[in-house]
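Any read-out appearing in this document is the output of simple, stated calculations on the displayed coordinates, not a laboratory observation. What you see is a predicted model; the values in this text were computed from it and never measured. When we count neighbours, we look across all protein chains shown, and the Cβ atoms used for this are built from the backbone with ideal geometry, even at glycine.
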Amino acid sequence: MPATLEVKCTSPDCELDMFELHYTYDMPDDVGVGDFVCPYCGETDALEEIVV
């Protein structure tokens, strides 16, 4: 099963609370939250992985 990464944006100016990234099997193993930007506000440093 491909990996799923749940991410939240912690920027105080952003209205997005969370989103999921669904990888394909071709995604490198070392890809993490730091490789993405918030689709709403465009921030990179404000993204954090949600760990449940």
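Numbers for the structure displayed
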| item | result |
| --- | --- |
| Hits in the range 30-42 - residues which are within 11 Å of the chain's Cα centre (by Cα) and either surrounded by 14 or more Cβ atoms within 10 Å (Cβ to Cβ) or part of a loop (DSSP other than H, G, I, E, B) (or both) | VAL31, GLY32, VAL33, PHE36, VAL37, CYS38, PRO39 |
| Residues satisfying the stated conditions in the range 9-52, i.e. among the small types (Gly, Ala, Ser) and in contact (Cβ under 8 Å) with a residue 24 or more places away in the chain | SER11, GLY32, ALA46 |
| Per-region count, the range 9-29, residues in contact with a Pro (Cβ under 8 Å, 6 or more places away or on another chain), part of a loop (DSSP other than H, G, I, E, B) and closer than 10 Å to ILE50 by Cα | 0 |
| Residue check, GLU6 of a type outside the set (Ser, Thr, Tyr), in a strand (DSSP E or B) and in contact (Cβ under 8 Å) with a residue 40 or more places away in the chain | yes |
